[in-house]
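A.B. asks: Can you read through this structure? Questions will come right after.
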Amino acid sequence: METDILIIGSGGAGLSAALTAKELGAKAIVACKTMPTNAQTCMAQGGINASNTQNEIEAHISDTLKASNGLGNKEMISKMCANSSNAIEWLSSLGVPFSLDENSELETRFMGGATLKRTHYAQDYSGLKILHTLYDSCIKVGIEFQSEKLFLNLIVNDGVACGAIFIDIATGSVEEIRAKSVILATGGYASVYHGFTTNGSGSTGDAIAAVTRAGGVVSDLEFVQFHPTALKNSSILISEAARGEGGYLVNSDGERFVDELKPRDEVARAILAEIDAKKDVFLDIRHIPNIAKLLPQEIKLCAIHEGIDATKELIPIKPVAHYTMGGVEVDENLEVSKIKNCFAVGECSNAHVHGANRLGGNSLLEIVAFGRLAATSAMNVIQNHKPTVPNNEKLNQDRIFVREIWNFTNQINFYEKREFLGKILYHNAGIIRNDIGLKSVLAVVRQMQKEFPFMGLGDKSLEYNMNLVEFIEFGNTLEVVEMMLVGALHRTESRGSHYREDFKELREDEFKAHSIFWKEDGVLCADFKTPKGVTNE
């Protein structure tokens with residue numbers, strides 16, 4: 001199978017790229033692990049930021065830089081913010097049903113860390129409605145989808161990407177898709193915090209692990225954003241829109257203890273302090289006018305998962321892992337560091353627009369604005385594409401690897417290990433960190449890496465073997481978590497979402513820099529690098 005542009009991932013970033021590639025005249029294939037629209041984009045409930053006038057754009061840039069805690073690239077942030085109005089116009093032209101005010105103008109709400117009201121929304125279904133509209137648009141123009149394809153590895157010849165290897169989940173066969181350029185849009189890695197995350201179980205950093213295996217570079221994996229308001233018992237997200245519309249955070253004594261619209265890292269730490277003081281924490285939206293119209297999804301989620309009527313009762317909440325700022329290192333065109341003709345966009349990418357902490361409302365903006373940029377960049381390299389002689393070496397290697405998995409012994413249950421890892425990551429490498437906790441989890445991870453060949457499959461069937469899929473995902477998890485912990489250990493300061501109780505101060509002298517990770521002969525390497533464009537403005 002061959003195409004001009006291979007897009008791996010069918011969330012908002014991948015579908016924005018696919019539609020733009022089609023507009024530019026390229027043939028694109030979208031390959032996805034599950035079915036289209038089963039993507040983390042749906043969890044971006046609150047809305048998408050957009051700015052119109054120059055003053056609004058400058059304020060948007062300033063707020064984003066401030067949230068990034070010195071690790072934002074002003075050039076990339078400016079590019080994203082300047083394109084925000086075009087992104088909204090494009091989505092509206094496709095038919096996204098944004099909420100309107102009484103004058104039929106696009107409605108806006110506040111999000112945490114914002115100095116202006118700039119977040120456009122579709123009730124509290126913003127990401128879902130954007131995703132479904134993008135998918136419908138892709139179907140209308142005939143974009144090809146290859147569903148239920150588990151991404152294994154990139155095909156890279158002489159430093160140039162020319163396709164990828166997949167397991168066809170339906171049949172169990174190992175296959176390749178060749179392409180003149182590849183766009184990675186596989187999402188983040190927050191589900192490594194298994195049981196303590198708003199993410200689905202598939203957010204295991206597959207592209208991040210694959211890029212390092214292929215000789216590329218990833219960065220800033222220690223920066224994980226914990227959303228302040230997830231349902232206490234299920235970790236289901238309750239959107240920041242609830243606080244943006246005026247919701248209160250109260251403890252079991254009925255006290256408001258934090259400004260609800262502070263940046264997410266500050267609010268999450270304040271909630272955790274109340275929990276550590278043996279107090280329950282609640283979100284109160286009972287007083288908000290028209291709440292059933294503004295936040296219908298949140299009210300349904302509370303009824304389904306907590307058995308409460310949020311219009312009349314307090315909502316029990318806790319902070320959990322939600323978004324990962326780190327990812328595949330890319331340049332200003334979103335091309336992957338050290339791998340030509342390969343681009344990364346969305347949560348799997350680190351375009352340095354979020355830095356140490358993401359501003360609410362910017363995730364949907366990034367996937368749309370930069371999804372279109374990724375397609376344009378991929379199209380530019382296609383025009384200069386030089387055909388390569390097909391080389392089946394990587395395909396054969398991955399077929400051998402998958403066959404070997406069937407011979408792994410099943411002495412250790414990796415599902416139990418996955419659950420245990422999620423728990424110790426949350427408590428020792430989560431919202432608040434320290435040297436002892438991080439080292440203890442890293443030791444556990446490295447032991448699990450040694451034990452991995454003894455965590456083989458219980459299910460030996462070929463067709464729809466989810467045991468195999470989850471086993472490979474767990475292998476990616478162990479690779480990504482090792483890098484995340486190494487970065488967290490060596491960043492001996494507190495910056496944004498990375499908070500060290502043993503190093504509480506910000507250290508601009510040494511750590512106003514990006515952590516970078518790569519592999520040499522299979523060995524993990526790490527360093528800190530201050531690239532062009534990092535600013536503390």
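A.B. asks: Among what's in region 443-484 and is closer than 30 Å to Val217 by Cβ and in contact with a strand residue (DSSP E or B) (Cβ under 6 Å, 6 or more places away or on another chain), pick the residue that is surrounded by the most Cβ atoms within 10 Å (Cβ to Cβ).
C.D. replies: So the residue we want is Met483.
A.B. asks: Looking only at region 74-94, count every residue that is under 17 Å from Thr20 (Cα atoms) and touching a Ser or Thr at 6+ places or on another chain (Cβ under 9 Å) and tell me the total.
C.D. replies: 7
A.B. asks: Within region 219-233, which residues are assigned to a loop (DSSP other than H, G, I, E, B) and modelled with pLDDT of 95 or more?
C.D. replies: Correct list: Asp220, Leu221, Glu222, Phe223, Lys232.
A.B. asks: Turning to a different aspect of this structure: Looking at region 75-94, which of its residues are aliphatic (A, V, I, L, M) and more than 13 Å from Leu65 (Cα to Cα)?
C.D. replies: Ala82, Ala87, Ile88, Leu91, Leu94
A.B. asks: In addition: Name the residue, out of Gly522, Gly496, that is at positive phi and surrounded by fewer than 17 Cβ atoms within 10 Å (Cβ to Cβ).
C.D. replies: Gly522
A.B. asks: I would also like to ask the following. Do the conditions hold for Ala59, that is, is it surrounded by fewer than 19 Cβ atoms within 10 Å (Cβ to Cβ), at pLDDT 95 or above and over 20 Å from Gly371 (Cα atoms)?
C.D. replies: Yes, satisfied.
A.B. asks: If only one of Leu128, Leu116 is assigned to a helix (DSSP H, G or I) and surrounded by fewer than 21 Cβ atoms within 10 Å (Cβ to Cβ), which one is it?
C.D. replies: After ruling out the rest, the residue left standing is Leu128.
A.B. asks: Which one is farthest from Val320 (Cα to Cα) among residues in region 239-259 that are crowded, with 22+ Cβ neighbours inside 10 Å and at pLDDT below 95?
C.D. replies: Checked region 239-259; the qualifying residue farthest from Val320 (Cα to Cα) is Gly244.
A.B. asks: State whether the residues of region 337-354 include one that is among the small types (Gly, Ala, Ser), surrounded by 24 or more Cβ atoms within 10 Å (Cβ to Cβ) and within 21 Å of Lys66 (Cβ to Cβ).
C.D. replies: For region 337-354, residues among the small types (Gly, Ala, Ser), surrounded by 24 or more Cβ atoms within 10 Å (Cβ to Cβ) and within 21 Å of Lys66 (Cβ to Cβ): present.
A.B. asks: Going through region 268-298 one residue at a time, which ones are modelled with pLDDT under 95 and under 26 Å from the mean Cα position of the chain (by Cα)?
C.D. replies: Leu294, Leu295, Pro296, Gln297, Glu298
A.B. asks: Moving to a separate point now. I'm trying to understand the selection: among the residues of region 470-509, which are more than 20 Å from the chain's Cα centre (by Cα), part of a helix (DSSP H, G or I) and either assigned by TED's automatic domain parsing to the domain that holds Asn199 or more than 30 Å from Ile167 (Cα to Cα) (or both)?
C.D. replies: Within region 470-509, Leu489, His490, Glu508, Asp509 qualify.
A.B. asks: Could you list, in sequence order, the residues of region 312-331 that are assigned to a loop (DSSP other than H, G, I, E, B) and in contact (Cβ under 8 Å) with a residue 40 or more places away in the chain?
C.D. replies: Answer for region 312-331, where residues must be assigned to a loop (DSSP other than H, G, I, E, B) and in contact (Cβ under 8 Å) with a residue 40 or more places away in the chain: Leu314, Met325, Gly326.
A.B. asks: Among the residues of region 499-519, write down those that are free of Cβ contacts under 8 Å to residues at least 24 places away in the same chain and surrounded by fewer than 13 Cβ atoms within 10 Å (Cβ to Cβ).
C.D. replies: Hits for region 499-519 are Lys504, Glu505, Asp509, Glu510.
A.B. asks: Among the residues that make up region 127-136, is at least one of them in contact (Cβ under 8 Å) with a residue 60 or more places away in the chain and out of contact with any helix residue (DSSP H, G or I) (no Cβ under 7 Å at 6 or more places or on another chain)?
C.D. replies: yes
A.B. asks: Please find, within region 307-349, the residue that is nearest to Arg269 (Cα to Cα) out of those that are among the aliphatic types (A, V, I, L, M) and in contact with a Ser or Thr (Cβ under 6 Å, 6 or more places away or on another chain).
C.D. replies: Residue satisfying both the conditions and the ranking: Val320.
A.B. asks: Moving on to the next point. Is there a residue in region 201-209 that is within 26 Å of Phe401 (Cβ to Cβ), modelled with pLDDT under 95 and either crowded, with 24+ Cβ neighbours inside 10 Å or not hydroxyl-bearing (Ser, Thr, Tyr) (or both)?
C.D. replies: yes
A.B. asks: I need the full set of residues from region 207-238 which are polar (S, T, N, Q) and in contact with a strand residue (DSSP E or B) (Cβ under 8 Å, 6 or more places away or on another chain), in order please.
C.D. replies: Thr212, Ser219, Gln225, Thr229, Asn233, Ser235
A.B. asks: Could you pull out the residue among Ala207, Ala170 that is among the small types (Gly, Ala, Ser) and in contact with a Cys (Cβ under 6 Å, 6 or more places away or on another chain)?
C.D. replies: Ala207
The values are calculated or read from the model by the stated rules, or taken from the named source; none is laboratory data. Being a predicted model, the structure only gives us computed values, none of them experimental. Ideal geometry is used to build each Cβ from the backbone, glycine not excepted, and the neighbour counts take in all protein chains shown.
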